[in-house]
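I have placed the structure first, in the form of structure tokens, so that the comments after it can refer back to it.
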Amino acid sequence: MSATLSAFKLSFVNSPIYLTGGLAGNIPGQTLPLLVLTESLNLVNGVLSGGNIGLDSFFGAFRIPAGGTLINFQYAHYPFANQAVAANAAIAQPLTVSLIMSCPVREAGGYFTKIAIMNALQAMLSTHVAQGGTFTVLTPAYFYTQCLLLRMTDVTPNGEEKQSQAEFQFDFEQPLLTLNQAQQAQSSLMSKFTGGTQISGTPSWGSGSTIGSVSNNSLLGTTATPATAAPSASLVPIPVTSTPLPPAVPGT
């Protein structure tokens, strides 16, 4: 087997899943390949035997089922004003990808080894997720980073395999995580709604005034007329009467 084919098989068949953060938080690079959990015995035996580790003797081999998403948008179902508005009303959705691990027993006594590995794998993945760990999934077409593990399911075909529980499917989701990605999820139209659309030029309903000096009269299409100033209170004459005022009532 050539070095290129070996590297491809190791990356996409034997070890396409990597744990990031969580259990790998104290490891340099905070990345731990899944094969460390499934191939610990195989790796130790290979090192003890001189480093001869056969890729075909690994516990599990992964393949990619159909249905993974590389682009995923959602659009509203109400009537749009025109095609341009409909095309700009796209909201990005999380990407999903799945991997199927085939792990049949290949040797006598392998059932006991399989039980030990699967129990350890289930416990370690549960702990990793509980600690807020994420996953990196490698596929030949796209690298999915910062993924969340949704489920691990037995998908062994009934009647087609001589062994039960020989295939398990890992379902991952790559959500929008950062503020930058959340802003990119909004299309140009939705971004204008969020940030407000700036009006340039003179409004069609104005009378030549700019945005900063638009008055109520200009909004109505009329010209403001300076109001006549009211006379000052000090200049208003006080009427004088010749009738004397009545005497004040005591106690008032």
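Determine if segment 70-83 includes at least one residue that is crowded, with 16+ Cβ neighbours inside 10 Å and not aliphatic (A, V, I, L, M).
The answer is no; no qualifying residue exists.
Would you confirm whether or not segment 104-122 contains a residue that is touching a residue at least 12 places away in the same chain (Cβ under 8 Å), of a type in the set (Gly, Ala, Ser) and part of a strand (DSSP E or B)?
No: zero hits.
Condition check ((1) modelled with pLDDT of 85 or more; (2) surrounded by 14 or more Cβ atoms within 10 Å (Cβ to Cβ)) across all residues:
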site: GLY109; (1), (2): no, no
site: ILE117; (1), (2): yes, yes
site: LEU138; (1), (2): yes, yes
site: THR156; (1), (2): yes, yes
site: GLU160; (1), (2): no, no
site: GLN174; (1), (2): yes, yes
site: SER187; (1), (2): no, yes
site: SER191; (1), (2): no, yes
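Just one of GLY29, GLY22 is at pLDDT 75 or above and in contact with a His (Cβ under 9 Å, 6 or more places away or on another chain); which is it?
When all the criteria are applied, what remains is GLY22.
Do any residues in segment 30-44 that are β-branched (Val, Ile, Thr) have Cβ atoms under 6 Å from those of residues that are at pLDDT 80 or above and in a strand (DSSP E or B), where the two are at least six apart or on different chains, and which pairs are they?
Matching pairs, first to second residue: THR31/TYR18; THR31/THR20.
Just checking, does segment 153-168 include any residue being under 23 Å from GLN30 (Cα atoms), aromatic (Phe, Trp, Tyr) and within 30 Å of the chain's Cα centre (by Cα)?
No - not one qualifying residue is present in segment 153-168.
Of everything in segment 34-59, what is at pLDDT 85 or above and either closer than 14 Å to THR134 by Cβ or hydroxyl-bearing (Ser, Thr, Tyr) (or both)? Give them in sequence order.
Scanning segment 34-59 gives a single hit, LEU34.
The values are calculated or read from the model by the stated rules, or taken from the named source; none is laboratory data. Predicted model only: the values in this text are computed from it and were never measured. Reconstructed Cβ throughout: ideal geometry from the backbone, glycine too, with neighbour counts over all protein chains shown.
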